[in-house]
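Novice: There's a structure below that I have some questions on.
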Amino acid sequence: MARRFCHLLLLLLLLLPAGDAFGSSPSVERSAAGDRGEIRAFWVDAWYNGFKTPQQIAQLIADAHTANVNTLIVQVRRRGDSYYNESLEPRAADSALAPPPFDPLAELLEAAHSASPPLQVYAWVVAFPVWTPTYTTTDTTRHVYFRHGYGRTWEDPENWLTYRYNGGNPLPDYQLDPGHPAAARYTVDVCLYLLRHYDLDGLILDYIRYYGQDYGYNKVSVDRFHTAYGGVGLPDPTDPDWMAWRREQVTGVVRRLYLEALAVKPDLVLGAATTAWGDGPDQAGGWENTSAYRSVFQDWRAWLEEGILDIAMPMNYDREHQPPQNQYFRHWVEWEKDHQYGRGVAVVQGAWINYITGTLTQTQVVQSSSPAGHNALGIGFYSYANTNAGGRPNGEFYQALSHPSPYGDPPFPTWVEPPTLPWKIAPTAGHLLGWAIGPAGPLDRAVVTLQSSVTHTRTLLTDGNGFFGAVDLPPGAYTMTLPAPASSPLYATVLPGRVALATVASPPEEPALRALLVDAAHDGFKTPDQVDVLLADARAAHLNTLIVQVRRYGQV
């Protein structure tokens, strides 16, 4: 049976309700959100108090209502640990955190969703950094740093950490290297486990990047690079192929998480805290000259263009009272409004480095339309615990957001709902993901060609785990091919608002399993009529198996 399952990875077609943007390539330069609504968010970091006790949660919700804020972005993974109970990782070693069985994330979700008006909760996850020299953990046997970093040599294939070009320790934080396939898979698995156990509105990835241009020298990643491009030794940090390789590794994690998250929770918003250092792209000589692209290998513009990110949240941390930073802020924000590609941008302001008056001034800049007539999806303030540079009480800042004050006109005088995202609520295209598996294991950087029954063609590249995926595909039948002597052509049907999961095995040895997974969050098998429709759809798609969800959030 075990051997049969290894070779059963021929073609698994998984159809799940999901969201997307448009039936063709998302080339629109503005957000696709409608005119109603605005994200208004507090970033609640776990380095300070904010949601670690029931009393703090009650105060957080009260402060959000005072400020007319509708979204809470809460740091639930700090350095390879958890501020929630149902986790693959150990509970945070934080003396301010109420002891078990208290679950801060579960308690916050319940309180925020039942509040009047209700608040959205986005889980904020630090992606790659997992340890610092002064950090502690509640369980060294479960912490990823001790399992796949501490005490391991650079040559050890089980060492998942990134290293610097000079071979030095990756300070200030020890960071997983996304170029190591196991580290990339682990990062995705941690997030998916979180999504499966908590009814989140969104997931925000932080530090989804390298620390700098001289990082990324995990030996497994370097060896994979040489297999792909040739060469020996450590590539120069400015080698164009090596720079492109590291961008590819980071983007691969985002792509995989986006598609797998859609399969788990179709209405989830996936966002990322993105880099916006220095002057704007237009002033820097183009996007390719920005630090995001060239230094930390976070090509978040491409993520929006491809559609593998719902919302970019650029960290526009500039001081309004200090030229030229105030101009940097405006240059970036106007560029961001005009480069959303059918997804969205919500600007994150550095409230902690600004006086309250300066923050309100910057918020007006964010809320106004660009000269081209485009608008951001909303605004976030970093952070809830540190709201201003002038030492004023946080309560004054919360009040100034919603009430007239000496600091200026309030940007949030009334309550508004968060914006609706059309690619989530009214999808017109579908998506596809899968794994290319050969006799020796995953096929690394194999070319997968998708060809629709009409004219739509895409060429995909597998990652180190054999994963491949595409978003915003026109509905229809697709043929998937790999270069010889891999598998013969395989087939999948992409439906609007669903994820088709095609697993390619090479060479095929057994008949394909074609399964329809029907989740209980949506209609599908809850009435006799729904069952009749389900069976008809399965026959039309030439499926041979139905997998139905019979237990959800503890209910059957």
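Throughout, read-outs are computed from the coordinates displayed, never taken from laboratory work. Everything numeric here is computed off the predicted structure, so don't read it as measured data. When we count neighbours, we look across all protein chains shown, and the Cβ atoms used for this are built from the backbone with ideal geometry, even at glycine.
Novice: Subtracting the Cα-Cα distance from 0.36 nm times the residue separation, let me have the gained length for Ser452 to Ser405 in nm, one decimal.
Specialist: Length difference between fully extended and current span is 11.0 nm.
Novice: In whole Hz, with x marking every Gly and Pro, tabulate ³J(HN,Hα) for region 452-463 from phi via Karplus 6.51 cos²θ - 1.76 cosθ + 1.60, θ = phi - 60°.
Specialist: Ordered by residue, 3J(HN,Hα) equals 7, 6, 9, 9, 7, 10, 9, 10, 10, 10, 6, 8 Hz.
Novice: Looking at the chain, send over the antiparallel percent of its DSSP beta bridges, to the nearest 5.
Specialist: 35
Novice: The chain: longest stretch without exposed chymotrypsin sites (Phe, Trp or Tyr not before Pro) (DSSP loop, at most 11 other Cβ within 10 Å), sites themselves excluded?
Specialist: For chymotrypsin sites (Phe, Trp or Tyr not before Pro) (loop position, at most 11 other Cβ atoms within 10 Å), the longest site-free span of the chain is 48-552.
Novice: If you take every residue apart from Ile379 with its C-beta less than 9 Å away from the C-beta of Ile379, what net charge results, scoring Lys and Arg +1 and Asp and Glu -1?
Specialist: My count for the surroundings of Ile379 gives 0.
Novice: Still on this structure: Step through the residues of region 469-483 one at a time and calculate ³J(HN,Hα) from phi using the Karplus curve (6.51 cos²θ - 1.76 cosθ + 1.60, θ = phi - 60°), rounding each to whole Hz and writing x for Gly and Pro.
Specialist: Karplus values, whole Hz, x for Gly and Pro: x, 8, 10, 6, 8, x, x, x, 8, 10, 9, 10, 10, 10, x.
Novice: On to the next question. Any idea what angle helix 240-264 forms with the longest principal axis of the chain, computed on alpha-carbon atoms, 0 to 90 degrees, nearest 10?
Specialist: 90
Novice: Can you figure out the FRET efficiency of Thr481 with Ala385, using R₀ = 41 Å and their beta-carbon distance, to the nearest 0.05?
Specialist: With R0 = 41 Å, the Cβ-Cβ based efficiency is 0.20.
Novice: For Thr274, what residues show an amide H to amide H distance below 5 Å, using hydrogens built from the backbone and excluding near sequence neighbours?
Specialist: Those lying under 5 Å, H to H, from Thr274 are Met313, Met315.
Novice: Which angle between 0 and 90 degrees, to the nearest 10, do you get for helix 54-67 versus the longest principal axis of the chain when only C-alpha atoms count?
Specialist: 70
Novice: For Asn354, enumerate residues with amide H under 5 Å from its amide H, sequence gap 5+ or separate chain, H modeled in the peptide plane.
Specialist: Amide H neighbours of Asn354, under 5 Å, 5+ apart: Ala389.
Novice: Ok, one more. Past 32 Å, Cα to Cα: identify those pairs from Lys424/Lys526; Lys337/Lys526; Lys337/Lys424, in the order given.
Specialist: Lys337/Lys526
Novice: How much length would be gained if the chain were fully extended between Ile425 and Ala106, taking 0.36 nm per residue of separation minus their Cα-Cα distance, in nm to one decimal?
Specialist: Here the segment from Ile425 to Ala106 would lengthen by 112.3 nm.
Novice: Name the long-range amide H neighbours of Leu546: under 5 Å, sequence gap of 5 or more, or other chain; modelled H, no Pro or chain starts.
Specialist: Leu516
Novice: List, in order, the whole-Hz ³J(HN,Hα) value for each residue of region 79-84 obtained from phi through the Karplus relation with A = 6.51, B = -1.76, C = 1.60 and θ = phi - 60°; use x for Gly and Pro.
Specialist: 9, x, 9, 9, 9, 7
Novice: Okay, next question. Hey, rough spin-label estimate for His113 and Gln322, points 7 angstrom out along Cα→Cβ, what's it come to in nanometres?
Specialist: 4.2
Novice: Full-extension gain between Asp236 and Thr53, please, as 0.36 nm times their residue separation minus the C-alpha to C-alpha distance.
Specialist: Roughly 61.1 nm would be gained on extension.
Novice: Compute the helix-to-body angle for 104-114: its Cα long axis versus the longest principal axis of the chain, expressed 0 to 90° and rounded to tens.
Specialist: Rounded to the nearest ten degrees, it is 80.
Novice: Something else about it: Based on DSSP H runs of at least 4 residues, each adding -39500 (n - 2.57), what is the mean residue ellipticity at 222 nm of the chain after dividing by all its residues, to the nearest 500 deg cm²/dmol?
Specialist: Value at 222 nm, helices only: -8500 deg cm²/dmol.
Novice: Sticking with this one: At q = 0.06 Å⁻¹, work out log10 I(q)/I(0) for the chain with the Debye formula, treating every Cα as an identical point scatterer and leaving solvent out; two decimals please.
Specialist: Per q value, in the given order, log10 I(q)/I(0) is -0.30.
Novice: Same structure again: Could you please rank Glu110, Glu155, Glu260, placing first whichever residue has the fewest other Cβ atoms within 10 Å of its Cβ?
Specialist: With the fewest neighbours first, Glu110, Glu155, Glu260 line up as Glu155, Glu110, Glu260.
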